[in-house]
1. Residues in the range 66-75: is at least one farther than 19 Å from Gly112 by Cα, under 14 Å from the mean Cα position of the chain (by Cα), open to solvent by 90 Å² or more (accessible area, probe 1.4 Å) and modelled with pLDDT of 85 or more?
2. Could you grab me the full set of residues in the range 51-65 that are among the small types (Gly, Ala, Ser) and open to solvent by 60 Å² or more (accessible area, probe 1.4 Å)?
3. Collect the residues in the range 1-28 that are hydrophobic (A, V, I, L, M, F, W, C), assigned to a helix (DSSP H, G or I) and either in contact with an Asp or Glu (Cβ under 9 Å, 6 or more places away or on another chain) or more than 14 Å from Ala101 (Cα to Cα) (or both), keeping them in residue-number order.
4. Which ones in the range 12-35 are surrounded by fewer than 15 Cβ atoms within 10 Å (Cβ to Cβ) and touching a helix residue (DSSP H, G or I) at 6+ places or on another chain (Cβ under 9 Å)?
5. Within the range 84-93, track down each residue that is under 21 Å from the mean Cα position of the chain (by Cα) and open to solvent by less than 70 Å² (accessible area, probe 1.4 Å).
6. Give me the pairs, please: first residue somewhere in the range 80-98 and under 14 Å from Ser16 (Cβ atoms) and in a helix (DSSP H, G or I), second residue anywhere and charged (D, E, K, R) and open to solvent by 80 Å² or more (accessible area, probe 1.4 Å), beta-carbon distance under 9 Å, and either six or more positions apart or on two chains.
7. Could you identify the single residue in Gly55, Gly51, Gly112, Gly63 that is in a loop (DSSP other than H, G, I, E, B) and either closer than 15 Å to Ile6 by Cβ or not hydroxyl-bearing (Ser, Thr, Tyr) (or both)?
Amino acid sequence: ALMLSIAAKSIGHLLSCLWVRTSRQQYAVLPAIVPHGAEQAALTSLMLRAGAAAGMGQSELRGSLQSLQCLASLLSVLLWTRWFTHCLRRGQPRRFYLGPAAASAAELVAGGVSVALGGS
């Protein structure tokens, strides 16, 4: 579920960037986005297992993750705004979707590595 969800997200972003030109095409991309979020259960399970192996309690781990998530949210606003502005200045606003596609691809690689390490 982890890999399928992340791969579907990557494909949806790539289609939004490279193929979509009309609103009908954007609606056609929706089925690729449907599995988005399905990876959360697998990721939570992997993180809780890794936290327990590192000697962290569940509440301590969740608190640390919440702090990291807040920091990432603040930084991502700056990153994505800058990337969209760059794409807009070049006259290619749909190129913005290459950024989330690249981030999803990196997430896919990281997920694959974590599954491989967690399974051994």
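1. Yes, there is a match, as at least one residue in the range 66-75 is farther than 19 Å from Gly112 by Cα, under 14 Å from the mean Cα position of the chain (by Cα), open to solvent by 90 Å² or more (accessible area, probe 1.4 Å) and modelled with pLDDT of 85 or more.
2. Across the range 51-65, the qualifying residues are Ala52, Ala53, Ala54, Gly55, Ser59.
3. Scanning the range 1-28 gives Leu2, Met3, Leu4, Ile6, Ala28.
4. Across the range 12-35, the qualifying residues are Leu18, Trp19, Arg21, Gln25, Gln26, Ala28, Leu30, Pro31, Val34.
5. Once the filter is applied, which keeps residues that are under 21 Å from the mean Cα position of the chain (by Cα) and open to solvent by less than 70 Å² (accessible area, probe 1.4 Å), the range 84-93 yields Thr85, Cys87, Pro93.
6. Partner pairs satisfying both residue conditions: Cys87/Arg95; Arg94/Arg21.
7. Unique residue meeting the criteria: Gly55.
The values are calculated or read from the model by the stated rules, or taken from the named source; none is laboratory data. Predicted model, so just to flag it, every value in this text is computed and none were measured. Cβ atoms come from the backbone with ideal geometry, glycine included; neighbour counts cover every protein chain shown. Just so you know, the surface numbers come from the protein's heavy atoms only, side chains and all, with ligands and any DNA or RNA stripped out. Shrake-Rupley method; radii C 1.70, N 1.55, O 1.52, S 1.80 Å.
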